[in-house]
Amino acid sequence: MCGIAGGSWTQGAAPLSEQTLQRMTEALIHRGPDDAGVYFASSNGTQGGGAALGFRRLSIIDLSGGHQPMSNEDETVWIAFNGEVYNYRELKPQLEALGHRFRTSSDTECIVHAYEQWGRDCVSHLRGMFAFAIWDDRRRTLFLARDRMGQKPLVYRLAGGQFTFASELKALLRVPGATREIDPRAVADFVTLQYVPHPRSIFRGYAKLSPAHWAEFHADTGELTVQRYWEAPFARPESAAAASSVRERSREEWAADLRETLREAVRIRMRCDVPFGAFLSGGVDSTIIAGLMQQHVDRPIQTFSIGFSEKRFDERSYAREAAAHLGTDHHEFVVDPTSVEMLPKLTWHYDEPFADSSAIPTLYLSQLTRQQVTVALTGDGSDELFAGYDRYQAVDLAARVDSLPTPLRSLIASSFWQQVPTSGQQKSRLRHLKRFLAGLSQTAQRRYTNWISIFDDSRRAELFSQDFRETLGGYDGASFILDSYARCSESDMVQRTCCVDAETYLPCDILTKVDIASMAFSLECRSPFLDHRVVELAARMPRKWKLQGRRGKQILISTFSELLPASIQTRRKMGFGVPLDYWFRNSLREYLTETLLDPRCLNRGYFDPAAVRRLLEEHMSGKWDHSPRLWLLLVFELWHQRFVDSRE
């Protein structure tokens, strides 16, 4: 696991100096504290511009021989690589049989030779998580690629014939002439989704390479090409014959394939030359992964969990039960309201405003885990692949209502039901029902987008100032989700929504959160559920084996039932939340109000000051729980102070 940075440029454009490249890689030292390296391809007067690659290394595999940037035999192909290719042991003999000669035992060299052999199509031969840049000196091109699910980040900027890239935005901001003009549409995206989605960046002129995409910059011409190379099967309609054969498979056959595919995905992710362990929350996903790991070794694996003194957010008892059931060597940590001390670190590491509050415990969990191991396996991805979120039940029910005759559907969706009095409790069943009924008058896609939005359509309209709304010019902050629905062609609405979440929420929120939090402490996280063979299997699997009644992940639970204590098999999903509502009304109340009501914050022009005050008043009085929205506004302000006001 590493941090990479560098660039390429056309003839006459500004080249990257050695000093600039060093400043870029220094910004990534937390991603790779063990080693560093650079490579420069000097400009050729007749062929155009040049290139530079920078590298920071966290040593995981081939500790003595994995120095980067790394080249092929004749030094015409050079790579800077962040991530892990888990099938490198299988690729190496295949490439050797094709005539390639290896000098190291690293997975990095496999990519170099795979590129020599297959060119751009090398990515289809790689099984793992990766973001890399390859300078091809013969073609004078810089080739970049990102893994299928988006586990490893890669950002870039093209300006004035100079193309720069890095693992994190902060490295690009160290390039001379780097601008920091906020993109209003990115702000709208963030307020809606709590993250800035790919390929957009918070700053104009910068972009994220989307998952399952490659990019190629030609130093001769300055041309940049970006192309998708893979998509999960539920985003790609299969032939009628193939679909028929899939439906005919029995549940037992699906379960057997799932057991073997996931078990093997865990096995190859245990390949490393450093201590490893697993995150263990006490939920279904992490318990299965820890259990499969334990089957591959003859000693207790180390597991790690985090909890809160606030009982409704504390999963430690389940984690302990899972650890005892599996026989792991378990460690735990408690987060309390002094977690505000982590806010400066959170703001700096995430580069862009990022408002998933579970980033706080993820940072602490990563810090605790790194004290014992260098690699940790996680259960990320299971909910999106196997319909694990509770909201999929609402999606299923709403789809059933949508299929009713028009008169009956109109009656159920009538605004009359919104006039029925409710209790003062925000989370009462009647309030949930009214929210569900209100959404039935919308399209299924818009309805789901509003359900998952931090600020839905109506709340965004109230929050944004008049001037900022005019700046947006009608841009819809929900477009990222709606566009994904248009690409996901599965007819079943639950499957289609799982596809959308796998394309949007998973890479932009969950995987961003885990990658940044873990790499802040030089910890590598590996996710077996995100193995593309597991993803493809889950995507093809009929919905009926995943969501049954009010329970998701049913085939996962039954297939691995021997690894799961009975209480964990039947418990409701808790998620990795934090008690923000309690903190904001108590220990963090003063900090929150002083920050959001500071004139500098209120007068930035994005938000209506009256709307911000109203959110604070309603929350502090106990009238409404606005903690996710207040957290979002707090994160945005702290980010603005650090990256725009002080320009760090």
On the basis of being under 21 Å from residue 72 (Cβ atoms) and over 24 Å from the mean Cα position of the chain (by Cα), does residue 117 make the cut?
yes
Could you pull out the residue among 510, 516 that is surrounded by 19 or more Cβ atoms within 10 Å (Cβ to Cβ), under 14 Å from residue 383 (Cβ atoms), in the same structural domain as residue 267 (by TED's automatic domain parsing) and touching a residue at least 24 places away in the same chain (Cβ under 8 Å)?
510
If we keep only residues of the range 612-648 that are assigned to a helix (DSSP H, G or I) and charged (D, E, K, R), then the residue nearest to residue 189 (Cα to Cα) is 629
Test result for residue 7, at pLDDT below 95 and either part of a strand (DSSP E or B) or farther than 20 Å from residue 159 by Cβ (or both):
no
Quick check on the range 43-66: of everything there that is more than 28 Å from residue 218 (Cβ to Cβ) and either in contact with a helix residue (DSSP H, G or I) (Cβ under 9 Å, 6 or more places away or on another chain) or at pLDDT 60 or above (or both), which residue is surrounded by the fewest Cβ atoms within 10 Å (Cβ to Cβ)?
65
Checking residue 224 against (1) at pLDDT 75 or above; (2) surrounded by fewer than 17 Cβ atoms within 10 Å (Cβ to Cβ); (3) over 30 Å from residue 9 (Cβ atoms): exactly one of these is not met. Which one?
(3)
Pairs please, first residue from the range 226-243 and of a type in the set (S, T, N, Q), second anywhere and at pLDDT 50 or above, Cβ atoms under 7 Å, 6+ apart in sequence or on different chains.
227/213; 227/214
Qualifying helices (runs of 4 or more DSSP H) (wholly inside the range 368-480; at least 1 residues being closer than 30 Å to residue 531 by Cβ, out of contact with any Cys (no Cβ under 7 Å at 6 or more places or on another chain) and at pLDDT below 95)
391-402, 444-452
Within the bounds of the range 548-563, is there any residue that is of a type in the set (Asp, Glu), surrounded by 14 or more Cβ atoms within 10 Å (Cβ to Cβ) and assigned to a helix (DSSP H, G or I)?
no
Exactly one of these conditions fails for residue 115: (1) part of a helix (DSSP H, G or I); (2) of a type in the set (Ser, Thr, Tyr); (3) touching a Phe, Trp or Tyr at 6+ places or on another chain (Cβ under 6 Å). Give me its number.
(3)
Output the qualifying pairs, or none if there are none: Cβ atoms under 7 angstrom, residues six or more apart or on different chains, first residue in the range 600-620 and on the phi > 0 side of the Ramachandran plot and of a type in the set (Gly, Ala, Ser), second residue exposed (fewer than 14 other Cβ atoms within 10 Å of the Cβ) and part of a helix (DSSP H, G or I).
605/467
Looking for whichever is aromatic (Phe, Trp, Tyr), surrounded by fewer than 21 Cβ atoms within 10 Å (Cβ to Cβ) and under 26 Å from residue 153 (Cβ atoms) here; the options are 254, 348. Which one fits?
348
Quick one: in the range 570-611, of everything that is in a loop (DSSP other than H, G, I, E, B), of a type outside the set (D, E, K, R) and more than 30 Å from residue 386 (Cβ to Cβ), which residue is nearest to the chain's Cα centre (by Cα)?
606
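So that you can scan it fast, the table gives a plain yes or no per residue for (1) in a helix (DSSP H, G or I); (2) surrounded by fewer than 24 Cβ atoms within 10 Å (Cβ to Cβ); (3) assigned by TED's automatic domain parsing to the domain that holds residue 354:
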| residue | (1), (2), (3) |
| --- | --- |
| 142 | no, no, no |
| 149 | no, no, no |
| 152 | no, no, no |
| 163 | no, no, no |
| 174 | no, yes, no |
| 177 | no, yes, no |
| 185 | yes, yes, no |
| 190 | yes, no, no |
| 200 | no, yes, no |
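The values are calculated or read from the model by the stated rules, or taken from the named source; none is laboratory data. Since we're looking at a predicted model, the values are computed, not measured. Virtual Cβ from ideal backbone geometry, glycine too; neighbours counted across all protein chains shown.
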